[in-house]
1. With a 10 Å Cβ neighbour count serving as the proxy for reagent exposure, in which order, fewest first, do B:139, A:13, A:227 appear?
2. Give the span of the stretch B:1-84's Cα atoms along each principal axis, as three whole-Å numbers ordered largest to smallest.
3. Hey, fewest Cβ within 10 Å first, where do B:110, B:23 land in order?
4. Over the whole of A:221-228, what's the average partner chain Cβ count within 10 Å per residue? Rounded to a whole number, please.
5. Please work out the C-alpha center-to-center distance from the stretch A:299-330 to the stretch B:1-78 and express it in whole Å.
6. What translational diffusion coefficient, in µm²/s and rounded to a whole number, does the Stokes-Einstein relation yield for the protein assembly as shown at 4 °C and a viscosity of 1.567 mPa s, taking the hydrodynamic radius as the Kirkwood radius over Cα pairs?
7. With axes computed from alpha carbons, what is the tilt in degrees of helix A:189-206 against the longest principal axis of chain A, rounded to the nearest 10 within 0 to 90?
8. Over the stretch B:1-107, calculate the relative contact order: mean separation of alpha carbon pairs under 8 Å at least 6 apart, over the residue count, as a percent.
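None of the figures in this text is laboratory data; all of them are computed from the coordinates on show. What you see is a predicted model; the values in this text were computed from it and never measured. Every residue, glycine among them, receives a Cβ derived from its backbone with ideal geometry; neighbour counts consider all protein chains shown.
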């Protein structure tokens, strides 16, 4: 018997209202996250990775709606919950951190006050107890001099420190699931390394399941247990991090990995980087068959006619949505 | 030996910080602090560092967009500051810039043709049919078609826009191009398209590049020489192969160790560097890196280490008391 996953997304469809009608940003995405596991959703701008994350959190903008599929959290279909109950989950059982900590923090509240609010909203600590808990959190996310930072304003903190404050807020009520949307993209590389290190440590301590959204496959290699690669609103490949990054099956994953230089590779060795021709298609454009076919070196007639389903390939729970995957179908 | 194409000598760039009543100058921010670097013909120099290290200001100073507060900028051995207007104009044709954001750097109210005409107009070169022929040649050179000339910037993708930015910089047949994070606004699948174009153009025309970037994997791939900056100063410079194989300055070591490893599940030997980059307005005394340096000694807090040669071949230089 397998234990029930912490998060199970099945056939999620999310669309946006646009002047040209409803546009599907997420088109049948399924994924699952176990307790203590980090699942990366990787892809380029417009692939639907952030919209998937926001759909799970229930934080979609007014112009978007979930049209289909199920999101089960601890076995409960959250889409069927009354709004008040769903709100009760957010910030308590599931929490989110964003790319831009400055826009996510309230500029007119001190750091300590903002974190303490998380306890007040959920009634998880009294006023006096809250201060002690906030200071403990600040220490936990390695903010130096927490007594002084408690009374600091967001603008007085560096980008890395603001992201730590966001993490502290997200973890205040010890959520079971943390959704991180490009949390290190705006940070310098030494600060990114600190934040990734911190997330790994906290996960080990608290057993949090993490959904980590990123465009950077090297960050995926650093932090993921499992990877979901998205393109054009669909999952094109998923599996364990070693399978997907070391033995990629989908031509898109292969192409992206070969487009980046590896350590030690230089142009002086005659190494030329792979090019994926064309550009990311707009979700407004209807594409029959596989969304990647126009850019794919392997595309054949079948790819233009039939949408490839996610099917098993070599590896442990490794699957690709391609008619002609590398290494063939399992 | 010929003079380097482009040379900065103890170059500093300061900005006034204004505040209070009447917006008086309350402090001076030294963004670039005594930087000496040179670029030879056909050389690709990478300038790396984290935000606030001064790499963008240095790049802009190299094309004359920021006058140096002190120090000198020499193009082909001639000090730009001592030249008359006409001569300076001639000289600056040789050093052109490509900007980071291809959305912000192209005038949205001009068609691509008009955008590419500007350098010819400014320098009074190639009129009429000749100009049109040159512009067509330019768009083809960067992998676009003449029909793109009639489009507006918003009709092009990010990658296509950056190609136009490169075409504009190439218009006057420069010898050096200063490229400020030319790939970082582009999608992953587009970056290698533009990077390969830059490699081809460099080889075809024997161009020199100053490639400013925070992406160390791409710098290792592209560059011949690398300069690492921290809080306005160069802390280490070396041939790229030497720098990536054996970084010597503690900051360079920490920076390279922080780059995510594309191979999954490989154990890290080092712990991440602690603390943040200080504001240049509150630069620490002595070596600016000492508060974060795992090896800092008392003298690191007192005196600023000079950039000096640290290898027998005389190619690798670092500014550290402990080397």
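1. On the way: B:139 21, A:13 17, A:227 29.
Lowest count first: A:13, B:139, A:227.
2. 54, 34, 17
3. Taking fewest neighbouring Cβ atoms as first place, the list is B:23, B:110.
4. On the way: counts 7, 9, 2, 2, 2, 0, 1, 0.
Per-residue shielding by partner chains comes out at 3.
5. 52
6. Stokes-Einstein gives a translational diffusion coefficient of 48 µm²/s.
7. 70
8. Averaging sequence separation for qualifying contacts and normalising by length gives 32 percent for the stretch B:1-107.
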